[in-house]
Amino acid sequence: GGGGGIVPGSATMLGGDPGIGKSTLMLQAAIALARQGKTVLYVTSEESAGQLRLRAQRLAPATRLPAAHGADPPPPPSLPAELFVLADTNLARIAEQARKLQPALLVIDSIQMVYKGDLPAAPGSVTQLRACCLELVYHAKSTNSALMLVGHVTKQGALAGPRLLEHMVDTVLYFEGDRYHSHRVVRAVKNRFGSTLEVGLFEMTDRGLLEVHDGAGLLAAEYQPRSGSVVCPVLSGTRCLLIEMQALTATGFLGSAKRKVSGLDKSRLDMLIAVLEKRGGLRLADQDIFASSVGGIASASPPPTCPSPSPSPAPTSTAGSNPPPAPSARSAWAARSAASNKPSDASSKPPASASNASSAPTPAGPGSRAPRSSRSKPSTTRCSS
């Protein structure tokens, strides 16, 4: 852990958009580990064994281990004998092959296609995902073999399936990037064995994924100075990435202006718009604003902090006299509350003169009871004969 590789007995979930290169990354990692003499079982549920072999032969030259300093270059790469491929979706057969081989790494590509035969639910359902993931994680913990699960994502970018899957595994990785650009980023959102602040940078080529050691200008390599576009440094872990940010405004309608973001925090954009309107003198209430980061790389830089006001200097006291203690915040609040609740002298005294209309009692409405002071006994008249 902590940058030292795959931890034995751990379970890792890798998610990403379709076609982003998740299977390519997993296959290159399996080839590299098999060349070190470790047994690897790669279970594919979306491709046949022949298709996977063709891809492995194409990716083998790009997965060469670096030669030691002063040593002879390694021979032409070939597929290692320790790499085993199984094209199946039944969990019982997958578990049986894993018990026979006892691999150091078990790759499931993808978990949404694996099913358990004794459950009536369809593959990819919540019931199947929970049961299959639980059994695979239990096998990894009991045999001390590493488990890598490839998962699909929803339209919102979250892992498909119940949230329980992320709690079952030890590490959750996201493979980000734009399919129309060559760069890729591996970002960890959960890691029990290391930090989640580090990112991995790769470049997609015709030979597979190549590691990028210095990504300062990778994400802004095609930048051209123009209006509405700027390159800004974003700190991601121990790396400083130069990301191109683009913004566009269009005439909208007051009260229903659009705010669309891609790869940025919407609350941060709202704060910047408020600052520009208040301090910059710009009118943006009736403008549609669109902001994005090139390549779909999510920018998660820390928010700015407001400087705290400098403390006021303490009053100087005369010699031989002690300064009075400063009132506390609670006592000051109590004094203000008492002053606001105390009636003023003008309101407490009765008015000097009042008209008869104001002093007359208010006539009681129907169904109401007259005040005691205004009650009077009914007048009686003597009838004289």
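The values are calculated or read from the model by the stated rules, or taken from the named source; none is laboratory data. Since we're looking at a predicted model, the values are computed, not measured. Cβ atoms come from the backbone with ideal geometry, glycine included; neighbour counts cover every protein chain shown. Note: accessible area is taken over every heavy atom of the protein model, side chains too, but ligands, DNA and RNA are not part of it. Shrake-Rupley method; radii C 1.70, N 1.55, O 1.52, S 1.80 Å.
A compact table of results
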{"item": "Residues satisfying the stated conditions in the stretch 250-272, i.e. more than 30 Å from Y174 (Cα to Cα), in contact with a strand residue (DSSP E or B) (Cβ under 9 Å, 6 or more places away or on another chain) and either open to solvent by 80 Å² or more (accessible area, probe 1.4 Å) or of a type in the set (A, V, I, L, M) (or both)", "result": "A250, T251, F253, A257"}
{"item": "Members of the stretch 34-49 that are under 30 Å from the mean Cα position of the chain (by Cα) and of a type in the set (D, E)", "result": "E46"}
{"item": "Residue check for A140: part of a helix (DSSP H, G or I) and in contact with a His (Cβ under 8 Å, 6 or more places away or on another chain)", "result": "no"}
{"item": "Complete set of residues in the stretch 1-26 that are out of contact with any Phe, Trp or Tyr (no Cβ under 7 Å at 6 or more places or on another chain), closer than 21 Å to V186 by Cβ, outside any strand (DSSP E or B) and open to solvent by less than 60 Å² (accessible area, probe 1.4 Å)", "result": "G5, S23, T24, M26"}
{"item": "Extreme residue, most open to solvent (accessible area, probe 1.4 Å), among residues of the stretch 200-230 that are under 23 Å from the mean Cα position of the chain (by Cα) and modelled with pLDDT of 85 or more", "result": "F202"}
{"item": "The stretch 107-127 - residue that is of a type in the set (A, V, I, L, M, F, W, C) and more than 18 Å from H152 (Cα to Cα) and, of those, least open to solvent (accessible area, probe 1.4 Å)", "result": "A121"}
{"item": "Verdict on V186 being touching a Phe, Trp or Tyr at 6+ places or on another chain (Cβ under 8 Å) and β-branched (V, I, T)", "result": "yes"}
{"item": "Residue within the stretch 99-111 that is of a type in the set (A, V, I, L, M, F, W, C), at pLDDT below 95 and within 19 Å of V150 (Cα to Cα) present", "result": "yes"}
